[in-house]
Amino acid sequence: MQSQALTPKFRVAICGGGPGGLALAVTLLRAADGGAPVTIDIYEAAPELATVGAGISVWPRTRALLEELGLMEELRGRDRRGAIRETGRRRRSGLGFTFRKSDQAQASKNFFELQVPTNPLLIHRSALLEALKRGLNVPSMSTCTVHTSSRLLSYTPAEAGGVTLHFAGGATAHADVLVGADGVRSAVRQTMFSSYSPPVKPRWTGVVAYRSLVRREDLERLFKGHQAGKRAMVYSGKDRHLVTYPISRGEDINFVGFYTVPGAYESKASYPGKWVRDVPVEDVKACYEGWEDEVQAVTKCVKKATAWGIHVMDDVPRCVDGQVAILGDAMHAMETHFGAGGGQAMEDAYILGRILAHPRTALHSQSGKVDVVAALRIYERARFRFASSLVEKTRVVGKMYEFANGCEPDPDLVTSVHSAQNEDARKRGEAWAKRWGEEVTNLWRWQWDIALGKDWLAAEKMLLEEAGRTLEARL
């Protein structure tokens, strides 16, 4: 990680030490221009680099990114300690989530299996963060320093160029480029759009997510052979659904229960109370009262839980302003139904990091090189539209999980399970499930489109074209 005595071409400040911020630092280190390294500072508000939450699912698109960053080997190594798990049996195609209608007392059936090209990886969040932190130690001409307990309040233009960062407690720092990877409540984004009216701010989706971990052995004692211990499940119902999947080599089951308050999103209601708070387990059980026994068994195993008010950023007009950029949740916070937030933050980081580290990027415009302001505009062109489009797409698929917006299931989907002689009812239920499944699959397809290589080539092409124009202007 130590550089030789070369003059850095510029200093990059990264606000936020989560997956997006760390992935940006790792990319800058790995892609460093040997003749002109970059000085990197990571500013994290917390006393240490840590993460919240439990399990995350890694789909083919994000897995390719982790391979590119050299992190998959680290994650595979941690598999011996139970940090990583693949769902389903190894086969030519993988099994994503299995869906089941469960908001009735009588037993239901699995009505759809989401088939994916490869099995998703189910990773504990701490395993991903540890792999990213180890990635900071890659041999590089660039240097990276982590500053913890450094909560950014705002930034201002610096007289000598670049930006001045202002932290809680009165400390300041200088950077040539500032990147806000500081989450849905981003101080960088708030400063960037401070003059906007109405303000650019997070919007509550009307969704509350109950998060917990369930011990598989507890569930097995209560409900022998429960499929939540073997595969990723979505238990669906009106205005709520429950997602479970095994992590930690199957010893734990990640539990995320969703409840949608009708009309809250449309009316732009504010979330009541703290966005993340501990709640009694009775609140979780009450949310799924009257659901089938398979769900009741899981909720009975919840020992402690937190409630999260899910907020999105669906009105961000841009992600770059001069020498400042935002990425991840600061730009496009989305609902969790694709398990895509962390992956998209890291994709932002990878493209941005490759652009900034490129030999044709310099602090100031030169013959055949672009300055950092132009480089950040290229990042915006490469990432903003696609990543922002996922905010709405994620909301649509979440509504489908809860049978909203005209997606109500055929009543025969459940009754046909208990009426084996009613062939017509069975066919109607199966026809509805087929249509529903096809629509959900189409919404998911982008997740297994491994587009990282072509996305970077497109961004580099824009960079080289812009650099070519600077060369022509000086001839």
Inset, instruction - Could you please tell me which pairs satisfy a Cβ distance under 6 Å, a separation of 6+ or placement on different chains, a first residue in the range 210-235 that is farther than 21 Å from Cys287 by Cα, and a second residue that is assigned to a strand (DSSP E or B)? - result: Arg216/Ile253; Gly229/Pro246; Arg231/Thr98
Inset, instruction - Name every residue in the range 197-215 that is charged (D, E, K, R) and farther than 15 Å from Tyr288 by Cβ, in order of residue number. - result: Lys201, Arg203, Arg215
Inset, instruction - Go through the range 272-371 and tell me which strands (runs of 3 or more DSSP E), entirely inside it, have 1 or more residues that are touching a Cys at 6+ places or on another chain (Cβ under 6 Å) and either of a type in the set (A, V, I, L, M) or surrounded by fewer than 23 Cβ atoms within 10 Å (Cβ to Cβ) (or both). - result: 324-326
Inset, instruction - Considering each residue of the range 149-170, count those that are surrounded by 15 or more Cβ atoms within 10 Å (Cβ to Cβ) and either out of contact with any strand residue (DSSP E or B) (no Cβ under 9 Å at 6 or more places or on another chain) or in a loop (DSSP other than H, G, I, E, B) (or both), and give that number. - result: 4
Inset, instruction - Say whether the condition of being in the same structural domain as Glu335 (by TED's automatic domain parsing), more than 26 Å from Trp59 (Cβ to Cβ) and surrounded by 15 or more Cβ atoms within 10 Å (Cβ to Cβ) is met by at least one residue in the range 450-462. - result: yes
Inset, instruction - Any chance you could count how many residues in the range 122-143 are under 13 Å from Ala31 (Cα atoms), hydrophobic (A, V, I, L, M, F, W, C) and in a strand (DSSP E or B)? - result: 0
Inset, instruction - Return the pairs, sorted by first residue and then second, in which the second residue is of a type in the set (A, V, I, L, M, F, W, C) and surrounded by 14 or more Cβ atoms within 10 Å (Cβ to Cβ), the first residue lies in the range 448-465 and is farther than 23 Å from Gln366 by Cα, the beta carbons are less than 6 Å apart, and the residues are 6+ apart or on different chains. - result: Trp448/Val116; Ile450/Ala64; Leu452/Ala64; Leu452/Leu65
Inset, instruction - Confirm whether Tyr379 is in contact with a strand residue (DSSP E or B) (Cβ under 7 Å, 6 or more places away or on another chain) and either aromatic (Phe, Trp, Tyr) or at pLDDT below 95 (or both). - result: yes
Legend entry - Filter result (part of a loop (DSSP other than H, G, I, E, B) and modelled with pLDDT under 60) within the range 55-105: Gly82, Ala83, Thr87, Gly88, Arg89, Arg90, Arg91, Arg92, Ser93
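From the residues in the range 401-431 that are out of contact with any Phe, Trp or Tyr (no Cβ under 7 Å at 6 or more places or on another chain), surrounded by 18 or more Cβ atoms within 10 Å (Cβ to Cβ) and not β-branched (Val, Ile, Thr), which one is modelled with the lowest pLDDT?
Ser416
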Legend entry - From the options Asp329, Asp315, Asp321, residue that is within 20 Å of the chain's Cα centre (by Cα), over 22 Å from Phe99 (Cβ atoms) and modelled with pLDDT of 95 or more: Asp329
Inset, instruction - Among what's in the range 144-169 and is among the aliphatic types (A, V, I, L, M) and more than 25 Å from the chain's Cα centre (by Cα), pick the residue that is modelled with the lowest pLDDT. - result: Ala160
Inset, instruction - Could you check, for the range 136-145, whether at least one of its residues is of a type in the set (Val, Ile, Thr), touching a residue at least 40 places away in the same chain (Cβ under 8 Å) and exposed (fewer than 15 other Cβ atoms within 10 Å of the Cβ)? - result: yes
Legend entry - Which numbered condition Glu266 fails, given (1) charged (D, E, K, R); (2) surrounded by 16 or more Cβ atoms within 10 Å (Cβ to Cβ); (3) farther than 26 Å from Cys301 by Cβ: (2)
Inset, instruction - Answer yes if at least one residue in the range 373-381 is in a helix (DSSP H, G or I), in contact with a Cys (Cβ under 6 Å, 6 or more places away or on another chain), charged (D, E, K, R) and more than 22 Å from Pro117 (Cβ to Cβ), and no otherwise. - result: yes
Legend entry - Unique match (being over 23 Å from Gly96 (Cα atoms), assigned by TED's automatic domain parsing to the domain that holds Phe112 and of a type in the set (Lys, Arg)) among Arg216, Arg231, Arg221: Arg221
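The values are calculated or read from the model by the stated rules, or taken from the named source; none is laboratory data. Note that the structure is a prediction, hence the values are computed from the model and not measured. Positions of Cβ are backbone-derived with ideal geometry, glycine not excepted, and every protein chain shown enters the neighbour counts.
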